[in-house]
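Report on the structure given below.
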Amino acid sequence: MSKGGPRPIYTEPDKRVGLEDLAARVKDGAVVAVGGGLSSREPMALLRAILRRGVKGLTVVGSAHGIDIDLLSGGGAISRSSESYVGFEQDFGMAPNYRRAVESGAIRVDDNCCYTLVQQLRAAIQGLPFMPVRSVRGTSFISLHPEYKAMVCPFTGEEVLLVPAIEPDAALIHAQYGDAQGNLLIEGTPVYDILFAKASRVVLASVEEIVPTERLKELRGIRIPYFYVTAVSEVPMGAHPTACYPFYAYDRHHTALYYEAARKGAEAFKAEYLSVFVHGAPNHSDYLDRIGGEKTRARLTSWRDGTEAWKQLYVEDATA
Amino acid sequence: MTSCTLGEMMIAALARTIEDGTLVFHGYGSPLAQLAMHVAKRIHAPRMILVAGATCGIDPDPPFLAPTTNDWVMDRGASSSLVIDELFDLAAAGRMGRMFLSGLQIDRWGNCNVTMLGYPEIKLKLPGGGGGCNLSCDVAHITLWTTAHRSPKDAKGRRRFRLVKDCDFITNLGHRTSDDGASRDLGHRGNGPQWLVTELGLFDFDADGHMRLRALYPDTSVDDVLESTEFEPRLAAKIDTIPSPDLPVVEFIRRLDPLKVHEKEIRAEDMARGFEIT
């Protein structure tokens, strides 16, 4: 899947752009890798900006996702999904918009598996056309993915499966900190973000805070060096309603509101969610107002007050 | 306290499948398996390497179970963390001892479908299997579980079985392949499904790789199992009774899951079931 030629390296000393400019770099039909996973560190503000621009025909590749891919599905931006999981775990269940879009044929199913994806990204990272896996053989993924090829290892005689490189057009990543040059500091599990950053042609990052490079060095946690990163935008609460610890916890309350709208159907989702929180909030500060502003931020920061406060965020009837 | 719930019975049954000194992993959306791993680590398998799903924290000691797996709650107290590629490399290299998997369809060979009902014509899109496809092939032993084995008739008298004869789509490999070969001939690292824990019984897989009933709960019968299973499971020579957990296990589960996150997995009609503990 390489588009030809080595991926560029990015050396501009100042890559800071606004959120809308960041979103403008995602073109119709692009193959995008969305960072974070499940209810944590997903680049939600960037995805909302992409939806407001009316981007269409995206192919999404990734591992374990939830509200990010479901939102893009409900907003009509995806035409093919190569994710390995899209859902809301046992808490809310299946992803309603994603499921509707797949079952209606709007999204072509091209499901992947986590380690297969690791190997496909590694092939791209290493500039190789494919990588082998031993697993997958015997499952239905063989017929879903006729591009996979079995071969006998010339050294040991074992059968392995060759899976082609995946080089996404763009990685969309939300990190805790970055600097003007594009260095990214990720706290907690990076999920696939480092693999995505290395394998993608373009890396678009939003961060909670842009700080001086000296500060990043002190924090000792640069996980993605600047030259992989194309552009960076400071977007506080940019992962909401997913978590971006230590800044804020997962907003289960907002997710419940989202899920209820999505569950009711495509039209209800448009009226009750998209038109309020995506198209109805022309920029990120409007969005922050709509989710309850400072009060919501304070509630989601309260996880730092100790176990009881943290637990309280997940009590079923927790309200904003 | 003289009784425990079905969820606690199932957690204890899942925990018993974990051997000490092995590297064990659970996926997301799996609170019963998550709790079972913590029970095993605290009670009978202190040298088990507990790798938390999603956060990939090693041997964490979370203050409570969060309703989502990828949350900092879940890796508090971890001594270190793996990165995701490292985790899957460990499995691919044959160093992972056990993994817990499930499916919206589980067939007689222990294959699981988490991808779609109907294939190639999709009737219902399921969330997808995450890394289950790879791990089902790579991990030494697999424990399967489901809380929805019972399949009552709908208004038209039809049953939608969870335990089906054949999966529509094989997401996670069991003992026979999508083209009806023996999985063992493929040279995978793993030995496939070893146990299946459902809300009706405990199963293993015989020498042919076929599902076999091994034990029942004190309140379930062979007929309950047969009625809710699309195929005829084989029956062990002696059908045991699944033992209740000891009091410390039950107390530990209640301390670790004060929000009762695992009860989201249990059907309403099974919430009323109680089991005596000694």
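Evaluated against (1) in contact with a strand residue (DSSP E or B) (Cβ under 8 Å, 6 or more places away or on another chain); (2) over 27 Å from A:Ile125 (Cα atoms); (3) within 9 Å of another protein chain (Cβ to nearest Cβ), A:Asp91 falls short on exactly one condition, (1). Can you tell me which residues in the stretch A:194-216 are outside any strand (DSSP E or B) and surrounded by fewer than 22 Cβ atoms within 10 Å (Cβ to Cβ)? Scanning the stretch A:194-216 gives A:Lys198, A:Arg201, A:Val211, A:Pro212, A:Thr213, A:Glu214, A:Arg215, A:Leu216.
On inspection, B:Ile142 does not qualify as at pLDDT 95 or above and part of a loop (DSSP other than H, G, I, E, B). In the stretch B:257-269, the residue that is farthest from the other protein chains (Cβ to nearest Cβ) out of those that are of a type outside the set (D, E, K, R) and in contact with a helix residue (DSSP H, G or I) (Cβ under 6 Å, 6 or more places away or on another chain) is B:Ile266.
Restricted to the stretch B:1-72, the set of strands (runs of 3 or more DSSP E) holding at least 2 residues that are farther than 22 Å from A:Cys113 by Cβ comprises B:3-5, B:49-51. Restricting the search to the stretch B:48-67, which residues are within 8 Å of chain A (Cβ to nearest Cβ) and in contact (Cβ under 8 Å) with a residue 40 or more places away in the chain? If the condition is that a residue be within 8 Å of chain A (Cβ to nearest Cβ) and in contact (Cβ under 8 Å) with a residue 40 or more places away in the chain, then B:Phe64, B:Ala66, B:Pro67 are the ones that fit. Selection of the stretch A:261-320 for residues being of a type in the set (Asp, Glu) and either at pLDDT 95 or above or surrounded by 18 or more Cβ atoms within 10 Å (Cβ to Cβ) (or both) yields A:Glu267, A:Glu272, A:Asp286, A:Asp289, A:Glu294, A:Asp305, A:Glu308. I need the full set of residues from the stretch A:211-248 which are away from chain B (no Cβ under 14 Å) and either in contact with a Gly (Cβ under 7 Å, 6 or more places away or on another chain) or of a type in the set (Val, Ile, Thr) (or both), in order please. Answer for the stretch A:211-248, where residues must be away from chain B (no Cβ under 14 Å) and either in contact with a Gly (Cβ under 7 Å, 6 or more places away or on another chain) or of a type in the set (Val, Ile, Thr) (or both): A:Val211, A:Thr213, A:Ile222, A:Tyr226, A:Val229, A:Thr230, A:Val232, A:Ser233, A:Val235.
When B:Gly190, B:Gly181 are checked against the criterion of being within 8 Å of another protein chain (Cβ to nearest Cβ) and either at pLDDT 95 or above or over 13 Å from B:Trp109 (Cβ atoms) (or both), a single residue qualifies: B:Gly181.
Of the residues making up the stretch B:149-167, just one is touching a Phe, Trp or Tyr at 6+ places or on another chain (Cβ under 6 Å) and crowded, with 16+ Cβ neighbours inside 10 Å, namely B:Ser151.
Residue-by-condition table, conditions (1) of a type in the set (Lys, Arg); (2) outside any helix (DSSP H, G or I):
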position	(1), (2)
A:His253	no, no
A:Tyr259	no, no
A:Glu272	no, no
A:Arg299	yes, no
A:Tyr314	no, yes
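Looking at the stretch A:132-150, which of the residues that are within 11 Å of chain B (Cβ to nearest Cβ) and outside any loop (DSSP other than H, G, I, E, B) is surrounded by the fewest Cβ atoms within 10 Å (Cβ to Cβ)? So the residue we want is A:Ala150.
Could you please let me know if B:Gly94 is within 10 Å of another protein chain (Cβ to nearest Cβ) and surrounded by fewer than 19 Cβ atoms within 10 Å (Cβ to Cβ)? Taking the combined requirement at face value, the residue satisfies it. Looking only at residues in the stretch A:156-193 that are in a loop (DSSP other than H, G, I, E, B) and among the small types (Gly, Ala, Ser), the one that is nearest to the other protein chains (Cβ to nearest Cβ) is A:Gly188.
Filtering the stretch B:18-48 to residues that are closer than 17 Å to B:Asp246 by Cβ and either among the aliphatic types (A, V, I, L, M) or surrounded by 20 or more Cβ atoms within 10 Å (Cβ to Cβ) (or both) leaves B:Ile18, B:Leu35, B:Ala36, B:His38, B:Val39, B:Ala40, B:Lys41, B:Ile43, B:Ala45.
Would you check if A:Pro13 is more than 14 Å from chain B (Cβ to nearest Cβ) and closer than 16 Å to A:Ala170 by Cβ?
Values: more than 14 Å from chain B (Cβ to nearest Cβ): yes; closer than 16 Å to A:Ala170 by Cβ: no.
Considered against the rule, which asks whether it is more than 14 Å from chain B (Cβ to nearest Cβ) and closer than 16 Å to A:Ala170 by Cβ, A:Pro13 comes out as no.
Taking the stretch B:97-116 as the range and being within 9 Å of another protein chain (Cβ to nearest Cβ) and either of a type in the set (Ser, Thr, Tyr) or without any contact (Cβ under 8 Å) to a residue 60 or more places away in the chain (or both) as the test, the residues that pass are B:Asn113, B:Val114, B:Thr115, B:Met116.
Of the residues that sit in the stretch A:31-51 and are among the charged types (D, E, K, R) and in contact with a helix residue (DSSP H, G or I) (Cβ under 6 Å, 6 or more places away or on another chain), which one is nearest to A:Ala205 (Cα to Cα)?
Just the residues of the stretch A:31-51 that are among the charged types (D, E, K, R), to begin with: A:41-42, A:48.
After this cut, where a residue has to be in contact with a helix residue (DSSP H, G or I) (Cβ under 6 Å, 6 or more places away or on another chain) as well, the list is A:42, A:48.
Values: A:Glu42: 11, A:Arg48: 14 Å.
For the stretch A:31-51, the residue satisfying everything is A:Glu42.
Counting only helices (runs of 4 or more DSSP H) wholly contained in the stretch A:20-113, the ones carrying 2 or more residues that are touching a Leu at 6+ places or on another chain (Cβ under 8 Å) occupy A:44-52, A:67-74, A:96-103.
Okay, residues lined up against (1) over 18 Å from A:Val86 (Cβ atoms); (2) among the polar types (S, T, N, Q):
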| site | (1), (2) |
| --- | --- |
| A:Gly4 | yes, no |
| A:Pro13 | yes, no |
| A:Leu19 | yes, no |
| A:Asp28 | yes, no |
| A:Ala33 | no, no |
| A:Ser39 | no, yes |
| A:Lys56 | yes, no |
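Taken over the stretch B:75-92, the criterion of being free of Cβ contacts under 8 Å to residues at least 40 places away in the same chain and not charged (D, E, K, R) is satisfied by B:Gly77, B:Ala78, B:Ser79, B:Ser80, B:Ser81, B:Leu82, B:Val83, B:Ile84. Of the residues A:Ser63, A:Ser84, the single one that is more than 20 Å from B:Glu121 (Cα to Cα) and facing another protein chain (nearest Cβ under 10 Å) is A:Ser63.
The values are calculated or read from the model by the stated rules, or taken from the named source; none is laboratory data. Keep in mind the model is a prediction, meaning the values are calculated, not measured. So basically every Cβ, Gly included, is an ideal-geometry build from the backbone, and we count neighbours across all protein chains shown.
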